[in-house]
Amino acid sequence: MNKVLFVSGTSGNGGTQTWTRQYLNNYKSEDFELVHVNLSARRGLLAEASFVKRVIDGLLDLREVYFDVKRALKSDHYPIMHAATSGSLGTLRDYFLVKLAKKYKTKSILHCHYGCIKDDYQRGGLLSLLLKKTLPLYDIILVLDSISSDFLNSIPKLKGKVHIAPNFINVITDVDLSPRTYKSIAFIGNLVPTKGIYELVDAVKSLNNGTTLNLIGPATNDIAVELKSRIGSDEGKSIHTLGRRPNNEAIAYMEKMDIIALPTYYSSEAFPISILEAMSKGSLVLSCPRAAIPDMLTAVDGGLCGLLVEAKSAKSIADAILWAQKNTTEADELRRKAFEKVSTCYSMPVVFDLYSDYYKKMLG
C-alpha cells in the first residue's frame, strides 16, 4: 500500500477544515493510506489578534508545520504529498512544502480550497508573485471550479496539470422529493452581510404573501442590531432569527424547508457545503453565480438545477422566489435534478474514486 502524506488542517468550522475531517474519517482505499500532518493554527484564533501578531504567529506555525513534514519525509517513504490550501498567505507555506517534497523525491498535489485564484493571480503584489512561483512546482493542482481550472490551464507553465476536484457529501437515497409550495425559506450559516442576508430579508419582506424566512447561524452584535432594524415588526411572524444551532438541528431545519437560500457575494466563496447539503436533502437552492456555485447548480443534462440570482439584489431574490411559487412543477423538477447531480457527481464514493485516480496518475 502506498502512503500519502496528507497535509491539511482540522481545527475550526471553515470549509477546508470540515472537508479534511470528513476525508480523514471516511476515505478508504486498498491502494493508498493517508498519513496526516495537521497544519491548523497552533497558537489560538489568529483572526482575533492584531495583524502583526497574526503574521508572527503564522510564521511560527509555518516553521512547525515545515519541520513536521520534513521529519515525516525523512523517516519514511511517501511517494505522494497531498497538501490542502486556502490560499492567501498560506501560499508561502505551500511554497516551502513543495520544495521539501522535491528534495525528498515525493510527488506533490496542491488542493486549492478557495475560489478567487484567478483574482489573486492577476492582481499583482506579493500574493500574485507567490502564486506564480509556487504553482508550477506542484505536479498536480486540484481546484474546485471550472473558472479557476480554465484560467490556470491557459497559463503555459500550468497547462495540463490543473484539474477539477469537487467537494463531497454523504448522500442518502431516502430523500423527500414530494411537491412543495416554496413558501418556507432558510438561510443556514454565519450571518454576515456578504452572504446576502440583508437582501434576503428585504426580499422576503417585500413579498408579503405568507412566505417565511428562518435565519440560522451566529451573528456579531453589530450585524444582529442591523438585522433587527431591517426585520422590524416581521420578527417572529414572517422572519425568524434562530441564532446558532447544533449541526443536527440545522440539518433538521434544512429538511423541513422548501428553499435554502445563499445569495452570497462573499469574495472568498469556494464550494459551499450548505449547498451540497441542501441538494442532498431535496431542498431547492437559491444562490448567486460565484466560484463553484454555477458548476454545482448545473444539472447532469446541462440545464439548471437551482435558482441563480443577481448579487446584491433583493428584487432578483424576490422574483426567483415568486417564480418557484408560481411554477411549482418546474421548481420540483429542479429539486429532482439537483438530487441527481449531487448523487452522480458529489457523493463520497464518486469523489473518493476521483481522488484515488489522481494518486494513481501521480504514480504513473
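The values are calculated or read from the model by the stated rules, or taken from the named source; none is laboratory data. A quick note: this is a predicted structure, and the numbers were derived from the prediction, not measured. Glycine gets a Cβ as well: all are built from the backbone with ideal geometry, and neighbour counts include every protein chain shown.
Take I141 and decide whether it is more than 19 Å from A291 (Cβ to Cβ), in contact with a strand residue (DSSP E or B) (Cβ under 8 Å, 6 or more places away or on another chain) and either outside the structural domain of K341 (by TED's automatic domain parsing) or modelled with pLDDT under 95 (or both).
Criteria not met by I141.
If you take the residues of the stretch 252-273 that are under 16 Å from V175 (Cβ atoms) and surrounded by fewer than 22 Cβ atoms within 10 Å (Cβ to Cβ), which of them is farthest from the chain's Cα centre (by Cα)?
Here the answer is K256.
Does I239 satisfy being surrounded by 15 or more Cβ atoms within 10 Å (Cβ to Cβ), within 30 Å of G12 (Cα to Cα), under 18 Å from the mean Cα position of the chain (by Cα) and without any contact (Cβ under 8 Å) to a residue 40 or more places away in the chain?
Here the answer is no, as I239 does not meet what is asked.
For the stretch 164-209, what are the residues that are among the small types (G, A, S) and under 21 Å from V342 (Cα atoms)?
Those that are among the small types (G, A, S) and under 21 Å from V342 (Cα atoms): A165, S178, A186, G189.
So in the stretch 138-147, with the set limited to residues that are touching a residue at least 40 places away in the same chain (Cβ under 8 Å) and surrounded by 17 or more Cβ atoms within 10 Å (Cβ to Cβ), which one is farthest from L110 (Cα to Cα)?
Residue satisfying both the conditions and the ranking: I147.
Looking only at the stretch 155-190, count every residue that is touching a residue at least 24 places away in the same chain (Cβ under 8 Å) and crowded, with 22+ Cβ neighbours inside 10 Å and tell me the total.
7
Could you list, in sequence order, the residues of the stretch 1-27 that are in contact (Cβ under 8 Å) with a residue 60 or more places away in the chain and part of a loop (DSSP other than H, G, I, E, B)?
Hits for the stretch 1-27 are G9, G14, Y27.
Within the stretch 285-351, considering only helices (runs of 4 or more DSSP H) that don't extend past its boundaries, which have at least 2 residues that are of a type in the set (A, V, I, L, M) and over 18 Å from the mean Cα position of the chain (by Cα)?
Ranges flagged: 314-326, 328-345.
Would a scan of the stretch 353-360 turn up a residue that is among the charged types (D, E, K, R), over 23 Å from C112 (Cβ atoms) and not in a loop (DSSP other than H, G, I, E, B)?
Checking the stretch 353-360: not a single residue is among the charged types (D, E, K, R), over 23 Å from C112 (Cβ atoms) and not in a loop (DSSP other than H, G, I, E, B).
For the stretch 213-234, what are the residues that are surrounded by fewer than 17 Cβ atoms within 10 Å (Cβ to Cβ) and among the β-branched types (V, I, T)?
T220, I223, V225 - these are the residues of the stretch 213-234 that are surrounded by fewer than 17 Cβ atoms within 10 Å (Cβ to Cβ) and among the β-branched types (V, I, T).
Inspect all residues belonging to the stretch 283-298 and state whether any of them is over 28 Å from E340 (Cα atoms) and surrounded by fewer than 17 Cβ atoms within 10 Å (Cβ to Cβ).
Looking for residues that are over 28 Å from E340 (Cα atoms) and surrounded by fewer than 17 Cβ atoms within 10 Å (Cβ to Cβ), one finds none in the stretch 283-298, hence no.
So which residues in the stretch 46-59 are surrounded by 11 or more Cβ atoms within 10 Å (Cβ to Cβ) and either of a type outside the set (G, A, S) or at pLDDT 95 or above (or both)?
Of everything in the stretch 46-59, those that are surrounded by 11 or more Cβ atoms within 10 Å (Cβ to Cβ) and either of a type outside the set (G, A, S) or at pLDDT 95 or above (or both) turn out to be L46, K53, R54, V55, I56, D57, L59.
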